[in-house]
Amino acid sequence: MNKRRRTWTVSAADPMRSRLPLVALFVLTVSACGQGAAGQARIPAADDGGGPASSSSAPAPDGGVDPCSLLDPQDRSTAGVNVLGVPKEINGARACDWTVPATFGVTITVDERNGLKDLEVARKTATKTKVGDREALKVADKKAADGTCAVLLGMGEKASVQIDVSNTNFTDTPLACERAVKVAGLAEPKLP
């Protein structure tokens, strides 16, 4: 099985990260059956395969938002996701990953340290929008036409939620954006 995933990781203006060079606006993680792409470190997950995440809307153990609870069974059905989410950690933030075999994958990341305004996003790839009553950005590189898209939702001044979609065949960016917007719309009402 040759399965690849591409996930946008948005860097934030954070003084604690000042030692890290801000070389790129997005770090792309491409995986082939769970292995990082050549030259990229695999981001360790907090729970690498301990089983499917619960579909309750309960908060995370420390009182934050549990990204796996943002898509309940009805939401997953609406979005065309027929699998349970797998909890992960991406750059210190809680995340949940749903992979629909041979179709697409969705990752929802909850960053409780950086608001939408703190995120560094290339202007040429981002479009301001709203999801529900929240400020949001839709991020896609139309020139790359690589079947990936992200919707970034503001969650107060110092937190944000990122919904990433990657089509399995890495084509049809408009479809990836359609899926990302749909998932964002389903998750948004559950955010504080």
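Any read-out appearing in this document is the output of simple, stated calculations on the displayed coordinates, not a laboratory observation. In this text, all values refer to a predicted model and were calculated from it rather than measured experimentally. Quick reminder, even Gly has a Cβ in these numbers, built from the backbone with ideal geometry, and neighbours come from all protein chains shown.
Considering only Cα-Cα distances, which of the following residue pairs are longer than 20 Å: Lys143/Lys182; Lys138/Lys182; Lys88/Lys182; Lys124/Lys190; Lys88/Lys143; Lys158/Lys190? Beyond 20 Å between Cα atoms: Lys143/Lys182; Lys88/Lys182; Lys124/Lys190; Lys88/Lys143. Only Cα sites of segment 76-162 enter the Debye sum here, all with the same form factor; the resulting log10 I(q)/I(0) across q = 0.22 1/Å is -1.23, listed in q order.
Using a simple spin-label model with pseudo-atoms 7 Å out from Cα toward Cβ, Lys190 and Lys158 lie 2.5 nm apart. Sequentially through segment 104-117, phi angles give Karplus couplings (6.51, -1.76, 1.60; θ = phi - 60°) of 6, x, 10, 10, 10, 10, 10, 9, 8, 10, 10, x, 4, 6 Hz, Gly and Pro residues having no value and appearing as x. Sorting 179-191, 149-161 by their mean Cβ neighbour count within 10 Å, with the most densely packed peptide first, gives 149-161, 179-191. Label sites at Gln74 and Leu175, each approximated as a point 7 angstrom past Cα along Cα to Cβ, lie 2.8 nm apart.
The HN-Hα couplings worked out from phi for segment 68-74 by the Karplus form 6.51 cos²θ - 1.76 cosθ + 1.60 (θ = phi - 60°) are 5, 7, 6, 10, 7, x, 5 Hz, whole numbers, x standing for Gly and Pro.
Using a simple spin-label model with pseudo-atoms 7 Å out from Cα toward Cβ, Thr129 and Lys143 lie 2.2 nm apart.
Note on Ala122 and Thr168: the extension gain reaches 14.1 nm, defined as 0.36 nm multiplied by sequence separation minus the Cα-Cα distance.
What percentages make up the Cα-Cα pair-distance distribution of segment 120-174 when the bins are 5 Å wide from 0? For segment 120-174, the binned pair fractions read 5, 20, 27, 23, 15, 8, 3, 0 percent. For Ile90, nonlocal amide neighbours, meaning residues 5 or more places apart or on other chains whose placed amide H falls under 5 Å from its own, are Ala95.
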